Amino acid sequence: MGTVTIGVSITVPEPHGSLLQQRRAGFGDAAAHGIPTHVTLLPPTEVDDSELPAVEAHLTEVAAAGRPFTMRLSGTDTFRPLSPVVFVRVVEGVEACTWLQKRVRDASGPVPRELQFPYHPHVTVAHGIDDEAMDRAFEELAEYEAEWPCTGFALHEQGPDGVWRKLREFGFGGCAVVPPQAGPMDHGTLPVR
């Protein structure tokens, strides 16, 4: 038996996910291609691989109690100087993400986890790169907007190559998703410069 590194996140759907991943790579973030664009619910956590069935059962319960919600991204912010990260802000869906991550990390569950920093849902677009590139990410995505109905989350495993791969998706229980009104934000807009 060995250990695996897992993470739980809300996947940023297409076309938004690929666009932000390409932009992250374009800023010089070498990790961009190994990390699908996401909002973290459980940061990288090492578990014994024999615990995976218990983790999946726990996540199934969390998802069953969850309900679809609107996720909206708007503009950029940074954790600098505390942490070398520039991110796109979650401006709608914060409460739902906070509720979900607390339940995923619940002390009575199979992946109890203390966080290094207070939980703040976001979509990383630059991490650990030089300040000039971080500034560029902050400025170039400052007017980025995207919106979608969030209907679940996923469990990922980090491979020996450093690439994160989806193991399983968990859909929310309960009610149907009502799609947002069609509009420019449905396509992830970037300002024309």
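Brief remarks on what is shown
- Close pairs (7 angstrom Cβ cut-off, 6 or more residues apart or separate chains): farther than 22 Å from GLU143 by Cα and part of a loop (DSSP other than H, G, I, E, B) in the range 64-84, at pLDDT 95 or above and of a type outside the set (D, E, K, R) anywhere: GLY66/LEU100; GLY66/PHE172; ARG67/PHE172; PRO68/PRO149; PRO68/CYS150; PRO68/THR151; PRO68/PHE172
- Residues within the range 127-157 that are surrounded by 15 or more Cβ atoms within 10 Å (Cβ to Cβ) and assigned to a loop (DSSP other than H, G, I, E, B), tallied: 4
- Within the range 48-67, tally of residues that are buried (at least 19 other Cβ atoms within 10 Å of the Cβ) and in contact with a strand residue (DSSP E or B) (Cβ under 7 Å, 6 or more places away or on another chain): 3
- Only a single item in (1) touching a strand residue (DSSP E or B) at 6+ places or on another chain (Cβ under 7 Å); (2) within 18 Å of ALA142 (Cα to Cα); (3) aliphatic (A, V, I, L, M) is not met by ALA31, and it is number (2).
- Test result for PHE170, assigned to a strand (DSSP E or B) and farther than 20 Å from GLN21 by Cα: yes
- From ALA64, ALA25, ALA107, ALA31, residue being closer than 18 Å to ARG168 by Cα and over 13 Å from the mean Cα position of the chain (by Cα): ALA64
- Count of the range 25-47 residues, restricted to those that are outside any strand (DSSP E or B), of a type outside the set (S, T, N, Q), in contact (Cβ under 8 Å) with a residue 24 or more places away in the chain and surrounded by 15 or more Cβ atoms within 10 Å (Cβ to Cβ), is 6.
The values are calculated or read from the model by the stated rules, or taken from the named source; none is laboratory data. Keep in mind it's a predicted model, so treat the numbers as computed, not measured. Using ideal geometry, Cβ is built from the backbone for each residue, glycine included, and neighbour counts are taken over all protein chains shown.
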